[in-house]
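Notes follow once the structure below has been shown.
The values are calculated or read from the model by the stated rules, or taken from the named source; none is laboratory data. What you see is a predicted model; the values in this text were computed from it and never measured. Positions of Cβ are backbone-derived with ideal geometry, glycine not excepted, and every protein chain shown enters the neighbour counts.
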């Protein structure tokens, strides 16, 4: 008989880990919602990131670059909707020039392929409604249909005999190891805590007390007031350590604008709370003054980033830790988690003997 692996969390990371272990283990994937990926995995910008922003040698940089390549192979093999759009990052005035160049150099250190400086004449001809002093282009960025991605993963889990238990809420991890659920107890040889927003609660139940997840809430608005086929990002927002309020095309004529940023006490708060006026104020330095009044915004959706803290200090990198023996915790798997998922899964599988 195969040993048993119990995975808590049926998001994109948990699903990829389940597939990575399916040949060696009898895998049980526990998901508290009716659908896989119902929370963080599908409530984001839907962007396949390149690995530009993260410190060299960090897990985020390593897994993002590796995950980008693995994700592209996956999308091609299983016909997941994906557009290799590339992405522009802009300096809106000369005071942002130095930081934009630092990002470019960091991307090269991280091994990000197809990075380019941009001709501003060509950029302004293509995007006359955008205010930009200079720009760089990331050719390995793209956009994903996250819902179709999760549907494909669900089908593959079934094909690979992974037992998906949903809706089934994990209540905690007990010695053994065992997973206590609202359906009873699952005894396992290995437990992987990939519970996303709730990974800290699962960790505490296993005796790992120093991690907390305080969600950073992000609201998205939509518009059809202009056409866009390439994401456009400002420089990162250093107040919250995010990528800023960006413009992202979708697989429809809609363009997403967001996410906003606000610390949130409730992990299940998916109500849009950011005033439209705040979005317009944030966009005034991105759009040409004559164009901004023409943009009509409407509500999109809201998401929560599983932002992790260790003894009150923010975790800048992914945390992957074993505690106790036989229990693996994945904590703070926020952006670029969607891109990094297959690389994270490969890494976790390599740690489990």
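Only a single criterion out of (1) within 25 Å of residue 96 (Cβ to Cβ); (2) buried (at least 20 other Cβ atoms within 10 Å of the Cβ); (3) under 16 Å from the mean Cα position of the chain (by Cα) is not satisfied by residue 244, namely (2). The lone criterion from (1) over 21 Å from residue 257 (Cβ atoms); (2) surrounded by fewer than 17 Cβ atoms within 10 Å (Cβ to Cβ); (3) without any contact (Cβ under 8 Å) to a residue 60 or more places away in the chain left unmet by residue 106 is number (2).
Find the strands (runs of 3 or more DSSP E) located wholly in segment 125-227 whose residues include 3 or more that are free of Cβ contacts under 8 Å to residues at least 60 places away in the same chain, and list them. So that I can check it myself, show each step before the final result.
Details: elements: 134-138, 142-144, 163-165, 170-174, 178-181, 184-187, 190-193, 211-213, 216-223.
Those strands (runs of 3 or more DSSP E) span 134-138, 170-174.
Restricted to segment 1-118, the set of helices (runs of 4 or more DSSP H) holding at least 2 residues that are under 26 Å from residue 272 (Cβ atoms) comprises 12-21. One residue stands out among those in segment 109-137 that are in contact with a helix residue (DSSP H, G or I) (Cβ under 7 Å, 6 or more places away or on another chain) and buried (at least 18 other Cβ atoms within 10 Å of the Cβ): the one that is farthest from residue 56 (Cα to Cα), which is 132. Determine, yes or no, whether residue 31 is modelled with pLDDT of 95 or more, over 17 Å from the mean Cα position of the chain (by Cα) and within 25 Å of residue 218 (Cβ to Cβ). Criteria met by residue 31.
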